[in-house]
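The structure appears right after this line, and notes come after that.
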Amino acid sequence: MTQKTIVARIKQIQRQLGVPADGLIGPTTLTAIENNLFSKNILKTIRKNTSLIVSQLGLKKLVAHEISSKAYYKKYLSHPTWPKGQSGVTIGIGYDLGYNSITQIRDDWSGKLAEADVERLAVVSGLKGSAAKQVVKSIKDIEVPLEAAEQVFYGSTLSRYAKQTQKAYPGAEDLHPDAQAALLSLVYNRGTKMTGSSRKEMAAIAPLVKQKDYSGIALQIKGMKRLWEGKNLDGLLKRRDDEAKLIRNASRAYSDEELVNV
């Protein structure tokens with residue numbers, strides 16, 4: 001095989017990878033090859049009975065947006081709160097009682113909190129917005145230790161929302177782990193509803209996931225900020241920015257140690 005033929009084949013491979021076709025096997029081309037092999041082979045190999053494979057970085061950001069820190073949780077979130085907007089009464093690590101059924105609340109929290117407290121929490125199931133705001137004071141005395149919150153988050157709700165994310169965005173499981181984590185964060189925060197003017201970006205993301213259009217997905221997530229700008233909901237604006245950044249930078253090398261099956 002001549003040198004000219006080798007260079008031509010390298011350029012062809014580079015064009016397929018979407019990197020500059022300069023005919024040289026440099027860092028950019030090697031990284032693209034590694035990422036391509038990762039997404040096509042490693043993800044399929046290590047995925048068993050899980051819906052998504054997310055990065056620890058993305059998962060930590062999700063938790064941080066829900067509780068900020070352990071110290072903040074203990075001081076401000078260890079009792080039921082109402083995060084404003086259309087949220088329901090929320091406990092633990094972003095566990096919104098307004099969007100969980102009575103049965104689910106009982107299944108998740110029984111054995112982790114006093115049964116009488118679980119029943120009081122179950123009463124506010126389905127209440128959102130102003131209705132949740134009015135009722136939160138009546139259960140404010142209930143304490144939800146961080147240990148119990150972590151048990152529910154990692155043992156139940158995380159995998160449930162991973163399934164919802166995969167169902168809402170078919171092909172999400174084939175994206176890079178940072179991007180999978182970002183979509184999981186989005187669904188954990190906003191749910192999976194796709195209809196209505198406030199959900200147009202949520203719906204627009206679906207075909208972009210199938211196309212693996214990372215830039216397009218990131219733009220749609222940032223576009224959602226229109227819903228909360230000027231409403232004293234800076235946390236949501238920051239969350240969307242962080243999710244978009246995770247997706248834009250998702251094409252990187254990952255080690256096995258930083259991957260989490262959910």
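The values are calculated or read from the model by the stated rules, or taken from the named source; none is laboratory data. Here the structure is a predicted model, which is why all the values come from computation and not from measurement. Cβ coordinates were reconstructed from backbone atoms using ideal geometry, including for glycine residues, and neighbour counts include every protein chain displayed.
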Item to check | Hits in the range 131-154 - residues which are part of a helix (DSSP H, G or I), over 16 Å from the mean Cα position of the chain (by Cα) and under 21 Å from ALA114 (Cβ atoms) | outcome: VAL135, VAL136, LYS137, SER138, ILE139, LEU146, GLU147, ALA148, ALA149, GLU150, GLN151, VAL152
Checklist entry - ALA250: at pLDDT 95 or above, small (Gly, Ala, Ser) and touching an Asp or Glu at 6+ places or on another chain (Cβ under 6 Å), yes or no? => result yes
Item to check | Residue ranges of helices (runs of 4 or more DSSP H) in the range 1-94 with at least 2 members modelled with pLDDT under 80 | outcome: 3-17, 27-37, 43-46
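Mind checking whether some residue in the range 103-111 is in a loop (DSSP other than H, G, I, E, B) and within 25 Å of SER130 (Cβ to Cβ)?
So far as the range 103-111 goes, no, none of its residues is in a loop (DSSP other than H, G, I, E, B) and within 25 Å of SER130 (Cβ to Cβ).
Out of the residues in the range 62-79 that are of a type in the set (A, V, I, L, M, F, W, C) and touching a Ser or Thr at 6+ places or on another chain (Cβ under 9 Å), which is surrounded by the most Cβ atoms within 10 Å (Cβ to Cβ)?
LEU62
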Next on the checklist: Condition first: within 24 Å of LEU237 (Cβ to Cβ), surrounded by fewer than 16 Cβ atoms within 10 Å (Cβ to Cβ) and touching a strand residue (DSSP E or B) at 6+ places or on another chain (Cβ under 7 Å). Can you find one or more residues in the range 82-96 that meet it?
Outcome noted: yes
Next on the checklist: Could you check the range 174-202 and list, in sequence order, the residues that are part of a helix (DSSP H, G or I) and over 16 Å from the mean Cα position of the chain (by Cα)?
Outcome noted: SER197, SER198, ARG199, LYS200
Checklist entry - Based on what the data block shows, is LYS222 surrounded by fewer than 16 Cβ atoms within 10 Å (Cβ to Cβ), farther than 20 Å from LYS84 by Cα and either touching a Pro at 6+ places or on another chain (Cβ under 7 Å) or not polar (S, T, N, Q) (or both)? => result no
Next on the checklist: Return the residues of the range 224-255 that are assigned to a helix (DSSP H, G or I), more than 19 Å from LEU208 (Cβ to Cβ) and either without any contact (Cβ under 8 Å) to a residue 24 or more places away in the chain or not assigned by TED's automatic domain parsing to the domain that holds GLY58 (or both); say none if nothing qualifies.
Outcome noted: ASP234, LEU237
